[in-house]
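I have placed the structure first, in the form of structure tokens, so that the comments after it can refer back to it.
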Amino acid sequence: MRKKIVYGLCFLSMVLMLALPFYAAAANTIKLGVTEPLSGTFKDIGERYLDGVLYAVQVINESGGLLGKKVEVVPIDSELKPDVATRKALSLILKDDVKFFCGGTGSSVGAAMAQLAEKQNVIMFTYGMDAASMTGAKCNKNFFRPGGSTDGRSFALAQLIAKMGYKRIAIIVQDYSFGQEALAAFKKEMAKISPSTIIVAELYHPAGTKDYAPYISQIIAAKPDAIFTPNWGNDLTLLLKQGRPMGMKQKVFSYYINDEVTIQALGDDSIMIGNMGAEIYTLSIPTKKNEEFVAKFHKDKGYYPTWLRGKAYMGTMFWAEAVKKAGTTDVAAVIKAWEGLTYDGPAGLWTMRACDHQAQVPYWYTEIVAENKYFKHAFEAPRGMVAAKSVEVPCAETGCKMQ
């Protein structure tokens, strides 16, 4: 009996010794779940966002990690479905004690992840899910947006359009929360700053639409001076590609006009040249920090940190600054540390507002031009900036009731 006990203790000791490296590795790692569509129609968008997060984590780890620990990225294929994203994220929370999540694609996915974060007491942040309601009426203490919003983008573009003197505007948006809120914000700002401007067409279409002919016909019939659209990915590409042959030649003002993949997919630079956009990050931002960031990224990766990669990089670095300030991975401590924190990055100063967890950021105007220093095809040129204060929504008007 005594021998059995000794053998049992020896076996238990051996198991514990073998397990120690595993537990030590787990204890020295901070996991970050990244919810992006890594399959399907919008796979390309998700992969580029993920690439930006991975690069930020590479920089963090090469600089000694976060709180002395390595950061590990755990990719989650959301399939652009809220239920899929939350199911996979919940599994990581319960099985691997993952406390931090992020993502950039699909405001519907982001809203579901924000609810999960609140329920499970983890943190979800986004650098690209822009529906204003996420830091408005649907806000919660566990969700942060170190990025832009439909309010900020639409306000910025409305101000640009008004300044340029356009008076007849056609609007086309994806028919879900993101598109609906983008349109509402644009109309609100335009009515405020240029009451004489007329919205001559207001069109909604399902995300993932393949045939835009019916919508384009309505736009042309309305005879607008300019077109506003927050469309992204293939929905922007197909709208522009099908529009030109049908006679849609007006200047387009878009959230995401500087998407190099859209420009390449069109295969005709003339469709894009002259169109304008407003973004929180662009390659052409004329700051020393951005020039250094672009140069280092290109040296390390062999390609440029275009808009999606740049936004994901900065959002992730801002999160890391909050964890550093907290000095711990405790969720409550990180929440407190992030509120009011300012990140000085490639796109200027970003400040996380405590009242709604919406970062106050400047927006950078770009115009698509033929000659540029980045690509052989048409790409962006800088056309100024609108300060964060100019597109800010007062806390009392957001609808956010932070609990």
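Throughout, read-outs are computed from the coordinates displayed, never taken from laboratory work. Bear in mind that the values here come from a model prediction, so they are computed numbers and not experimental data. Cβ placement follows ideal geometry from the backbone for every residue including glycine, while neighbour counts extend to all protein chains displayed.
Along the charge dipole of segment 151-279, pointing to its positive end and built from +1/-1 on Cβ of Lys, Arg, Asp and Glu, which listed residue (PHE253, GLY267, LEU238) has its Cα farthest out?
Positive-end residue among those listed: PHE253.
Per 0.36 nm of contour for each residue apart, how much would the distance between GLU292 and ALA332 grow if the chain were fully extended, relative to their Cα-Cα spacing?
Working: separation 40, 0.36 × 40 = 14.40 nm, distance 3.41 nm.
Extra length available between GLU292 and ALA332 comes to 11.0 nm.
Give the shape of segment 41-92 as rounded, prolate or oblate, defined through the alpha-carbon gyration tensor: a ≥ b ≥ c are the square roots of its eigenvalues, a/c under 1.5 means rounded, and otherwise the shape is prolate if a/b is larger than b/c and oblate if not. Could you put the intermediate results ahead of the total?
Values: a/c = 5.12, a/b = 1.66, b/c = 3.09.
It is oblate, given that a/c is not under 1.5 and a/b is not larger than b/c.
Please give the Cα centre distance for segment 68-93 versus segment 152-202, rounded to the nearest Å.
With segment 68-93 and segment 152-202 each reduced to a Cα centre, they are spaced 35 Å.
Please enumerate, by chain and number, the aspartates and glutamates with C-alpha under 15 Å from the C-alpha of LYS69, excluding those fewer than 8 residues away in the same chain.
Hits, sequence-local ones excluded: GLU321, ASP330.
At 0.36 nm per residue, minus the direct Cα-Cα distance, what do LYS70 and ASP97 gain on full extension? Give it in nm, one decimal, please.
So the chain would gain 8.2 nm between LYS70 and ASP97.
In whole angstrom, how far apart do the alpha carbon centroids of segment 309-335 and segment 100-131 sit?
Going from one Cα centre to the other spans 14 Å.
Among THR229, THR41, THR35, which comes first, then next, by fewest other beta-carbon atoms within 10 Å? Walk me through the numbers on the way to the answer.
On the way: THR229 27, THR41 14, THR35 34.
Least crowded to most crowded, the residues run THR41, THR229, THR35.
Looking at the P(r) of the chain, how many percent of alpha-carbon pairs lie beyond 31 Å?
38
GNM on the chain, C-alpha springs below 10 Å: top fluctuator among LYS373, LYS69, LYS43?
Ranking LYS373, LYS69, LYS43 by mean-square fluctuation puts LYS373 first.
In terms of modelled amide H atoms, which long-range or inter-chain residues lie less than 5 Å from the amide H of THR197?
For THR197, no residues qualify.
Do any trypsin sites (Lys or Arg not before Pro) in segment 234-286 lie in a loop, going by DSSP, with at most 16 other beta-carbon atoms within 10 Å of their beta carbon, and if so which?
Taking segment 234-286 and a limit of 16 other Cβ atoms within 10 Å, the loop trypsin sites (Lys or Arg not before Pro) found are LYS249.
My understanding is that a pair violates if its Cα-Cα distance is over 22 Å; which of LYS187/LYS210; LYS223/LYS389; LYS325/LYS401; LYS70/LYS99 do that in this structure?
LYS187/LYS210; LYS223/LYS389; LYS325/LYS401, as the Cα separations exceed 22 Å there.
Hey, any idea what the orientation-averaged projected area of the convex hull of segment 100-189's Cα atoms comes to, in nm²?
Convex hull of Cα atoms, orientation-averaged projection: 5.9 nm².
Quick check: the angle from helix 234-246's long axis to the longest principal axis of the chain, C-alpha only, nearest 10 degrees?
Taking Cα atoms only, the helix is inclined about 20 degrees.
Counting other beta carbons within 10 Å of each Cβ, put CYS102, CYS139 in order, fewest first.
Ranked by crowding around the Cβ, least crowded first: CYS139, CYS102.
Quick one: compute the contact order of the chain, relative version, from alpha carbon pairs under 8 angstrom and 6+ residues apart, as a percent.
That works out to 16 percent.
Which whole-number percentage describes the relative contact order of segment 306-403, with Cα contacts under 8 Å and a sequence gap of 6 or more?
It rounds to 17 percent for segment 306-403.
What's the local net charge at LYS401, with K and R +1, D and E -1, over the other residues with C-beta under 15 Å away?
So the surrounding residues net to 0.
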